[in-house]
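K.L.:
After the structure tokens below, expect a handful of questions from me.
The values are calculated or read from the model by the stated rules, or taken from the named source; none is laboratory data. Just so it is clear, the structure is predicted and the values come from calculations on it, not from any experiment. Reconstructed Cβ throughout: ideal geometry from the backbone, glycine too, with neighbour counts over all protein chains shown.
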Amino acid sequence: MKIQLEAVLPDEGQSFRLFTPSLRNYFYWHYHPEYELVYVEAKAGLRHVGQHVSGYTESDLVLIGPNIPHLNFDYGLETEYKQIVVQLKQSFLGNAFDHTPELTGISNLFNRAAYGISFHGKTKSLVSEKLKEMQDLSHFDQLVLLLQIFQILAGSAEASTLNEIDTSVKIFLNDKIRMSSVYEYIHAHFDQHTDVKEVASIVHLSTAAFCRYFKKQTKMTFTDFVNQYRISQAKTLLLQDRPVAETAYAVGYESASHFNKLFKQFTGGSPSRFKKKYGVEG
């Protein structure tokens, strides 16, 4: 599956789109010229924005800038979840950003979104409640509340930048097409043996050239990236009360002890400790 351009249309009578998508097992690696604010509640899931890949537990709140490739946040979720997405063009208020000093903070926030931003702590809790509230409001009141949300995000220190560089498709289109093939391969084979020679041939590079290229793109070795992807998938299974050994095999590890070692390396604790932390008894 190649990277896809998503066509985004505002809701009728509105300058933005507010919806609750449900894609679940569909691997939707895509981009669009609109900004996107995503909130998802789930036991655990995968966050893949630009070159950044990590897992989230319980919930996630992310602001994504225009043309940044990203994976749907509900990909691979097998438990119940809730998701709210807002999509809008930067011009959704016309040229107000250029002539309204009160919107300077929000304008700066949108500039920072070119790298992808995740929010946590009280900011995430407050904004999630407001996003839920938006769904029952009139169009005008939704717009007012959306501006309040962006103002909260603009002033929050509870934020993490996801990418070190602008990863929008328009800047490195050929790289994004090539990397989408790599991500597709990892998605299809993470629970099996992953062969760096095979994936190198898919993108028409020698093994050595691919390893250099991949590390330049992601700041990680191919092996570390696959392990991080596997550990993120393992979190979802563990929170479904799957046994540790069974989880290890399900995400591609032949040895449970090796899985335990890598899980601790990437998360700071053992799989059993992770389950206990989130109230899973098995």
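Condition check ((1) without any contact (Cβ under 8 Å) to a residue 24 or more places away in the chain; (2) outside the structural domain of residue 242 (by TED's automatic domain parsing); (3) within 25 Å of residue 186 (Cα to Cα); (4) crowded, with 20+ Cβ neighbours inside 10 Å) across all residues:
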position: 44; (1), (2), (3), (4): no, yes, yes, yes
position: 60; (1), (2), (3), (4): no, yes, yes, yes
position: 79; (1), (2), (3), (4): no, yes, yes, no
position: 95; (1), (2), (3), (4): yes, yes, no, no
position: 98; (1), (2), (3), (4): yes, yes, no, no
position: 104; (1), (2), (3), (4): yes, yes, no, no
position: 136; (1), (2), (3), (4): yes, yes, no, no
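K.L.:
Starting from residues that are in a helix (DSSP H, G or I) and among the polar types (S, T, N, Q), keep the ones in region 107-134 and report whichever is surrounded by the most Cβ atoms within 10 Å (Cβ to Cβ).
P.N.:
That would be 128.
K.L.:
Could you give every pair whose Cβ atoms fall below 7 Å, whose first residue belongs to region 213-226 and is in a helix (DSSP H, G or I), and whose second residue is surrounded by fewer than 15 Cβ atoms within 10 Å (Cβ to Cβ) and of a type in the set (Phe, Trp, Tyr), counting only separations of at least 6 or pairs across chains?
P.N.:
none
K.L.:
Follow-up question, since we're still on this one. Just checking, which of 18, 37 is among the aliphatic types (A, V, I, L, M), modelled with pLDDT of 90 or more and under 13 Å from the mean Cα position of the chain (by Cα)?
P.N.:
Testing whether each residue is among the aliphatic types (A, V, I, L, M), modelled with pLDDT of 90 or more and under 13 Å from the mean Cα position of the chain (by Cα) leaves just 37.
K.L.:
Please go through (1) surrounded by 15 or more Cβ atoms within 10 Å (Cβ to Cβ); (2) not assigned by TED's automatic domain parsing to the domain that holds residue 90 for residue 191 and return the number of the only condition it doesn't satisfy.
P.N.:
Here residue 191 clears every test but (1).
K.L.:
From the list 229, 249, which residue is within 27 Å of residue 79 (Cβ to Cβ), aromatic (Phe, Trp, Tyr), part of a helix (DSSP H, G or I) and touching a His at 6+ places or on another chain (Cβ under 9 Å)?
P.N.:
Just a single option satisfies the conditions, and that option is 229.
K.L.:
Let me ask you something else. Can you confirm whether residue 73 is at pLDDT below 85 and either in a helix (DSSP H, G or I) or buried (at least 20 other Cβ atoms within 10 Å of the Cβ) (or both)?
P.N.:
Considered against the rule, which asks whether it is at pLDDT below 85 and either in a helix (DSSP H, G or I) or buried (at least 20 other Cβ atoms within 10 Å of the Cβ) (or both), residue 73 comes out as no.
K.L.:
Right, another one. Could you say which residue among 143, 147, 103, 137 is part of a loop (DSSP other than H, G, I, E, B), more than 20 Å from the chain's Cα centre (by Cα), over 25 Å from residue 235 (Cβ atoms) and not small (Gly, Ala, Ser)?
P.N.:
Among 143, 147, 103, 137, only 137 is part of a loop (DSSP other than H, G, I, E, B), more than 20 Å from the chain's Cα centre (by Cα), over 25 Å from residue 235 (Cβ atoms) and not small (Gly, Ala, Ser).
K.L.:
Next up: Taking only region 203-218 into account, find how many residues are more than 22 Å from residue 45 (Cβ to Cβ), among the β-branched types (Val, Ile, Thr) and either surrounded by fewer than 14 Cβ atoms within 10 Å (Cβ to Cβ) or within 24 Å of the chain's Cα centre (by Cα) (or both).
P.N.:
Adding up the residues that qualify gives 1.
K.L.:
Let me ask another. Of these, 236, 221, 247, which one is modelled with pLDDT of 90 or more, surrounded by 15 or more Cβ atoms within 10 Å (Cβ to Cβ), on the phi < 0 side of the Ramachandran plot and among the hydroxyl-bearing types (Ser, Thr, Tyr)?
P.N.:
247
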